[in-house]
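Everything on this sheet refers to the single structure shown next.
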Amino acid sequence: MNEKNLAVLALILSSVVILGTSPLPGMSQSVTPSTNEPTIVDPNSNLAIEKYAGGLEFPSSMAFLGPDDILVLEKNSGQVRRIVNSTLLQEPVLDVQVATKDERGLLGIAVNKDNQNNATFVFLYFTESSRDGDDLDGINPLGNRLYRYEFVGGKLVNGKLLLDLSAIEASHHNGGRITIGPDGNVYLVVGDLQDPGQTTLTHLTTAQNIANSLYPDGTSGILRVTQDGEPVNNIFGGRYPMELYYAYGIRNSFGIDFDPVTNNLWDTENGPDFGDEVNLVEPGFNSGWRRIQGMEEAPEQLSLLVRFPGLSARDESLVGRLQELWFGITGISGGVYSNPEFVWDNTIAPTAIRFLDSEALGERYLNDLFVASYSTGYIYHFEPNADRTGFVLEGDLADGVADEFNEADQLVFAKNLGRITDMAVGPDGYLYILAIHGVEGIIYRIIPTANIPD
């Protein structure tokens, strides 16, 4: 790691102590990842953790090109690195100019193979800059941008700009996770672009459930576009960019994934100093931020939530009633709030969320949900309930809330993995974990113990 990146890393990590935040999600000041060896907690799993690859600089996200072929993003260098058969190739497949302050950078990746046209498309989300790290010198970035590239001859080429979103409001809460849905469309989560350390809020929109504020600008939501960057349909009504929104009211997120059984979308959401969430994200979902974080049943709080094209749910005016009627006639939801399926009252800084659509780790984990923590180095295991709209939870967790930090220990699947930024299920069916251990970016792989060479 060069001196510039070390300096940036030291500066950002120092904010953990000062602000209770991290270079990715917000986190508790009191939680520090263990420096012990990575361990599977379940004693009956017959699984082990191996180091698959290393040598990365501040990795933020990864995606598989094929078996033993992974693309990894380096947040601050702006480089897309390739790992083949556990070996990090020397030359990046792409090097883009990125702003790097706080949570800006090269953030999200998804890969889609178009077998009909024998093409591989790679989608990248990053904070684009005229020079690397310009924002460290006080120069505003060009924007948060979603591009589509073609993978040809070992390189990413023919970049096409799909979305151009503002990035100047704040250097925090840029979100960035991308996934390709069962419908073939691209789903991108973007945070509220609000600096959590600011006492005077500078970026408020109605997508944050603040009535009579700015019109939504593509932040605080999960956006959906075709692979050519076109809107799919308008769930909420209203002018552009509302037709991009699949969900809103999201503070910040580093994890989205589709249930392989139901095709429902799920996410993780980062709270401030409380209320980290796991959510079932149905079309038109309103996650409640800034009015609600964590569980909420109080009618007076629910009545403050904004529906679209921008009226409060408690608006009893003639315009409001006509709008409600129009929502019903056209099938536009206007926004539907539901409580999270699980909440950590003490923040664990959740990042990746992944359904294990494989029996390679044993039938007991097939299609179960795993959630990674950046601040603790834990991976949590959730067993879906019968209709896969929630989880099988017992004892103190039956209410879906971990009131105390150790209360969720019964859900811990693995630990001591450093600062986890992403997870993926490989073509081999194993679970891969992208993490930062010290200053080195590492990919771990969870495999059956029987597969470890003597």
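The values are calculated or read from the model by the stated rules, or taken from the named source; none is laboratory data. Note that the structure is predicted; figures quoted are calculated from it, not measured. Methodologically, a virtual Cβ is constructed for each residue, glycine included, from the backbone with ideal geometry; neighbour enumeration extends over all protein chains shown.
Does SER15 satisfy the condition of being modelled with pLDDT under 95, touching an Asp or Glu at 6+ places or on another chain (Cβ under 8 Å), surrounded by fewer than 22 Cβ atoms within 10 Å (Cβ to Cβ) and not aromatic (Phe, Trp, Tyr)?
Here the answer is yes, as SER15 does meet what is asked.
When you look at ILE443, is it within 17 Å of the chain's Cα centre (by Cα) and either crowded, with 17+ Cβ neighbours inside 10 Å or more than 30 Å from VAL80 (Cβ to Cβ) (or both), yes or no?
no
Restricting to the stretch 44-63, name every residue that is aromatic (Phe, Trp, Tyr) and in a strand (DSSP E or B).
TYR52
Collect the residues in the stretch 419-439 that are among the small types (Gly, Ala, Ser) and closer than 20 Å to GLY108 by Cα, keeping them in residue-number order. Let's see the steps before the verdict.
Here is the first cut: in the stretch 419-439, the ones among the small types (Gly, Ala, Ser) are 424, 426, 429, 435, 438.
Scanning the stretch 419-439 gives ALA424, GLY426, ALA435.
From the list ASP396, ASP403, which residue is of a type outside the set (Val, Ile, Thr), loosely packed, with under 14 Cβ neighbours inside 10 Å and in contact with a helix residue (DSSP H, G or I) (Cβ under 7 Å, 6 or more places away or on another chain)?
Of ASP396, ASP403, the one residue that is of a type outside the set (Val, Ile, Thr), loosely packed, with under 14 Cβ neighbours inside 10 Å and in contact with a helix residue (DSSP H, G or I) (Cβ under 7 Å, 6 or more places away or on another chain) is ASP396.
Quick check on the stretch 322-342: of everything there that is surrounded by fewer than 24 Cβ atoms within 10 Å (Cβ to Cβ) and over 23 Å from ILE210 (Cα atoms), which residue is modelled with the highest pLDDT?
Once the filter is applied, the top-ranked residue is GLU341.
Can you tell me which of (1) small (Gly, Ala, Ser); (2) at pLDDT below 95; (3) closer than 22 Å to ALA167 by Cβ is the one GLY218 doesn't meet?
(2)
Within the set of pairs 6+ apart or on separate chains, which have a first residue in the stretch 222-250 that is touching a residue at least 12 places away in the same chain (Cβ under 8 Å) and closer than 20 Å to ASN112 by Cα, a second that is of a type in the set (Phe, Trp, Tyr) and surrounded by fewer than 18 Cβ atoms within 10 Å (Cβ to Cβ), and C-beta atoms under 7 Å apart?
Here the result reads none, with nothing in the stretch 222-250 linked to a residue that is of a type in the set (Phe, Trp, Tyr) and surrounded by fewer than 18 Cβ atoms within 10 Å (Cβ to Cβ).
Restricting the search to the stretch 282-291, which residues are buried (at least 24 other Cβ atoms within 10 Å of the Cβ) and of a type outside the set (Ser, Thr, Tyr)?
Within the stretch 282-291, PHE285, ASN286, GLY288, TRP289 meet the criteria.
Which of the residues belonging to the stretch 220-247 are in a strand (DSSP E or B) and among the basic types (Lys, Arg)?
ARG224
Mind checking which residues of the stretch 69-88 are free of Cβ contacts under 8 Å to residues at least 24 places away in the same chain and either within 22 Å of ILE379 (Cβ to Cβ) or outside any loop (DSSP other than H, G, I, E, B) (or both)? Before the answer, list the steps.
To start, the set of residues in the stretch 69-88 that are free of Cβ contacts under 8 Å to residues at least 24 places away in the same chain comprises 69, 84-85.
Within the stretch 69-88, ASP69, VAL84 qualify.
Which residue pairs have Cβ atoms under 6 Å apart, sit 6 or more places apart or on different chains, and have a first residue in the stretch 89-110 that is basic (Lys, Arg) and a second that is part of a loop (DSSP other than H, G, I, E, B)?
Filtered contacts from the stretch 89-110: LYS101/SER171; ARG104/SER171; ARG104/ASN174.
Just need a number here: residues in the stretch 330-379 that are under 23 Å from ARG291 (Cβ atoms) and touching a Lys or Arg at 6+ places or on another chain (Cβ under 8 Å).
Total satisfying the criteria: 2.
Among the residues of the stretch 69-109, how many are farther than 21 Å from LYS51 by Cα, surrounded by fewer than 22 Cβ atoms within 10 Å (Cβ to Cβ) and either among the acidic types (Asp, Glu) or under 18 Å from the mean Cα position of the chain (by Cα) (or both)?
2
Regarding the stretch 371-384, can at least one residue be identified that is surrounded by fewer than 15 Cβ atoms within 10 Å (Cβ to Cβ) and modelled with pLDDT of 95 or more?
Yes: the stretch 371-384 contains one or more residues that are surrounded by fewer than 15 Cβ atoms within 10 Å (Cβ to Cβ) and modelled with pLDDT of 95 or more.
Residues of the stretch 125-173 being at pLDDT below 95 and within 21 Å of ASN112 (Cβ to Cβ), which ones?
Once the filter is applied, which keeps residues that are at pLDDT below 95 and within 21 Å of ASN112 (Cβ to Cβ), the stretch 125-173 yields nothing.
Can you tell me which residues in the stretch 414-454 are among the aliphatic types (A, V, I, L, M), modelled with pLDDT of 95 or more and under 14 Å from ILE40 (Cβ atoms)?
Within the stretch 414-454, ALA414, LEU417, LEU431, ILE433, ILE446, ILE447 meet the criteria.
All but one of (1) surrounded by fewer than 22 Cβ atoms within 10 Å (Cβ to Cβ); (2) touching a Lys or Arg at 6+ places or on another chain (Cβ under 8 Å); (3) under 28 Å from PRO350 (Cα atoms) hold for SER220; which doesn't?
(1)
Under 6 Å by Cβ, and 6 or more places apart or on different chains, what pairs join a residue from the stretch 307-332 that is among the charged types (D, E, K, R) with one that is at pLDDT 75 or above?
ARG307/GLY334; ARG307/GLY335; ARG314/SER303
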